[in-house]
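S.K.: Sharing a structure, written as structure tokens. Questions coming.
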Amino acid sequence: MPSGVFQRTLDGATYAMIPEDLDIMARALYGEEGSHPSELAASATLWTWMNRFMLHPKRDKHWRYFYELIQDHSQPVNPLWRRNGKKCLSAKYKNTDHCSESRLKRRDMIADWSYDEIPAGCRQWAEAMYAGLLPQLLDNTLVDFATNKVAKTYGTQYIPGGQWYLNKTQTIEAGLMKTWLPGNVVIESTGSVGGGQGLGIALATGAWILLTGWAITRLI
């Protein structure tokens, strides 16, 4: 499945998706939006992550690949929030709702699925984003989302009952960030969505192998 290429308008810097990005996008989208996200919810969520990745002033310090940003931002796919992860073993979170058994079981399930076991409603949007075929349907400077008090105070709820999304200006007003890179992110070139086989296409080449718990290792 050929990937799309995303470009930062500030300086023309580009990023081409890799197989790990597709896998983690699909898992995280399920974790944040459930089995059947709408196109609007999928676009808002996935593009928030892409904008955050490309427009963060310290991106090179924190993340080399897109999926690393997603894992940092999305609790359902963040290894630190697994039952043996640093967060859920800490005194601060161990016996809180953040690390309840129901949440831990759900995170276990998301991590243990093969790619084809991820709900199709999530895979289709992840594959569209991977190929550069999912447009930004909302504010093209969205960089964060949450359901906490800060997000509700400063953000915008585009989808009734859904996440509260914040653009660059709103995150600065909320004190969540001091600055962002100017400009926005666009699709520089598109790939294609291949035959509904998803990540299996990339894995079948022998270049990648998916290991338990989100780790993907290059073989060649």
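Bear in mind these aren't lab numbers, they're just calculated from the coordinates by the rules spelled out. The shown structure was predicted, so the numbers you read here are calculated from the model rather than taken from an experiment. So basically every Cβ, Gly included, is an ideal-geometry build from the backbone, and we count neighbours across all protein chains shown.
S.K.: Separation between the W113 and S38 pseudo-spin-labels, each 7 Å from Cα along Cα→Cβ, expressed in nm?
M.R.: Going by the 7 Å Cα→Cβ label model, 2.1 nm.
S.K.: Further question: Calculate the spin-label point distance for D60 paired with I159, positioning each point 7 Å from the Cα along the beta-carbon direction, and give it in nanometres.
M.R.: My value for the distance between the label points is 3.5 nm.
S.K.: Let me ask another. Would you mind calculating the gained length between L176 and L10 on full extension (0.36 nm times residue separation, minus the Cα-Cα distance), in nm to one decimal?
M.R.: 57.6 nm
S.K.: Continuing with this model, one more query. What is the Cα centroid distance between region 49-75 and region 135-194, reported in whole angstrom?
M.R.: 13
S.K.: For the chain, which cysteines have no disulfide-compatible partner, meaning no other cysteine Cβ under 4.7 Å?
M.R.: C122
S.K.: Can you give the relative contact order of the chain as a percent, counting alpha carbon pairs under 8 Å and 6+ residues apart?
M.R.: Worked out over the chain, it gives 32 percent.
S.K.: Right, here's the next one. Going by how many other Cβ atoms sit within 10 Å of their own, how do D112, D23, D139 line up, fewest first?
M.R.: Ordered from fewest to most neighbouring Cβ atoms within 10 Å, D112, D23, D139 come out as D112, D139, D23.
S.K.: Kirkwood-based Rg over Rh for region 1-75 (C-alpha set), two decimals?
M.R.: When Rh is taken as the Kirkwood radius, the ratio is 0.95.
S.K.: Here's something else I'd like to know. Mind ranking 140-152, 162-174 by how tightly packed they are, going by the mean number of other C-beta atoms within 10 angstrom, highest first?
M.R.: Final packing ranking: 162-174, 140-152.
S.K.: Based on the Cβ-Cβ distance from K92 to E188, what FRET efficiency comes out when R0 is 45 Å, to the nearest 0.05?
M.R.: My answer for the efficiency is 0.60.
S.K.: While we're here: Computed on alpha carbon atoms, what radius of gyration and Dmax characterise the chain, expressed in Å?
M.R.: Every Cα atom of the chain included, Rg and Dmax give 16.9, 48 Å.
S.K.: By the scheme Lys and Arg +1, Asp and Glu -1, what is the net charge of all other residues having a beta-carbon under 15 Å from that of G161?
M.R.: Computed value for this residue: -1.
S.K.: Let me ask another. Just from its helices, what would the mean residue ellipticity at 222 nm be for the chain, if runs of 4 or more DSSP H residues each count -39500 (n - 2.57) and the sum is divided by every residue, rounded to the nearest 500 deg cm²/dmol?
M.R.: Taken over the chain, the calculation gives -11500 deg cm²/dmol.
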